Structure formats: C-alpha cells, structure tokens
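Written below as structure tokens is the structure these notes are about.
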Amino acid sequence: AFAMQDVVKQHDELRMMGKPTFCFSFTSDRFDIYHVNDFMHGRGWRFNGQQYPNAIHMCVTRPQTRPGVVDKFAEDLDAAVQYALDPPNETPKSAAIYGGVPKDVPGIDDLVKGMLVGYLDSCSDIPGL
C-alpha cells in the first residue's frame, strides 16, 4: 500500500488525502479526478469515487501485493494522469459513490438525517416495549 501511495505522490498533479495505511485516497487540483478513475477502470483497477472533495480511493488487499503489481500500477497511473490532463470528453463517465448527494440542495440535510433516523429506528429494539 505504501509503495502504491509513493507512486501517487510522484505526480505533482495528484494529492494524497489524510495519512493513509492500506486504504488510500487521492484527488487532483489540476483536473477532474474521475477521469483518472475512468482510465484506470479500463486497465482493470477498481477505485471508489468520493466527494467533498472529489477523490478516489482504493484498499490494498492481498492480490495487490503480488510481485509486479506496483510496477503495473505506476505504468497505468502515469498513462491515466496524461489522459486526465487532456480527456476526450469534458465530463467523466464515473462519479462519486460515497457522498452521492449534491451540495446546497435546499432541505437535503433534513432529508438525509430523517432517512438515517428512520433506518436506525427500524434496526433498534427496546426490550419490554
């Protein structure tokens, strides 16, 4: 995971989020990070989109620790950054799957809180009532 993070850090266009361990997230201040996600998906990599800020993340598990995987990640990420700097379409195909709610929609906070309270209530029992 740390070797893959080092690959990300080699790109001035990319910025790591937080202080990760096996699960790392990164974004870009230069382009829409979801273009990187689109490109990497085509090469078999699976990232999850996040928002506020838009970012992508990946959890490194045993399959990604095999010999040669970091080198392939570096090669593909290099190509993905070049793709994102000059994408064929302004709007990427992928987007956030975590967050998933547009900012500044009137009443959205109350809607989300109401859904969460309803869900938690449906999962909770009070013995004897």
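The values are calculated or read from the model by the stated rules, or taken from the named source; none is laboratory data. What you see is a predicted model; the values in this text were computed from it and never measured. Neighbour counts are summed over all protein chains in view; Cβ atoms, including those assigned to glycine, are modelled from backbone coordinates with ideal geometry. Protein only, heavy atoms only, side chains kept; ligands, DNA and RNA dropped before computing areas. Shrake-Rupley method; radii C 1.70, N 1.55, O 1.52, S 1.80 Å.
Read through the list (1) modelled with pLDDT under 95; (2) open to solvent by 50 Å² or more (accessible area, probe 1.4 Å); (3) not in a helix (DSSP H, G or I), then give the number of the only condition that Asp121 fails.
(3)
Only residues that are within 19 Å of Pro20 (Cβ to Cβ), assigned to a loop (DSSP other than H, G, I, E, B) and open to solvent by 50 Å² or more (accessible area, probe 1.4 Å): list them for the range 51-99, please.
Hits for the range 51-99 are Tyr52, Pro53, Asn54, Thr61, Ile97, Gly99.
Of everything in the range 24-55, what is at pLDDT below 95, in contact with a strand residue (DSSP E or B) (Cβ under 9 Å, 6 or more places away or on another chain) and more than 18 Å from Pro87 (Cβ to Cβ)? Give them in sequence order.
Passing the criteria: Arg46, Asn48, Gln50, Gln51, Pro53.
Can you work out which of the residues in the range 3-18 that are assigned to a helix (DSSP H, G or I) and touching a residue at least 12 places away in the same chain (Cβ under 8 Å) is nearest to Phe31 (Cα to Cα)?
Here the residue is Val8.
Quick check on this structure: which one of Arg15, Arg30, Arg62, Arg66 is of a type in the set (Lys, Arg) and under 13 Å from the mean Cα position of the chain (by Cα)?
Exactly one residue qualifies, and that residue is Arg15.
Within the range 11-50, restricting attention to residues that are buried (at least 17 other Cβ atoms within 10 Å of the Cβ) and among the aliphatic types (A, V, I, L, M), which residue is nearest to Phe73 (Cα to Cα)?
Across the range 11-50, the extreme among qualifying residues is Met40.
Can you tell me which residues in the range 33-42 are under 13 Å from the mean Cα position of the chain (by Cα) and not acidic (Asp, Glu)?
Ile33, Tyr34, His35, Val36, Asn37, Met40, His41
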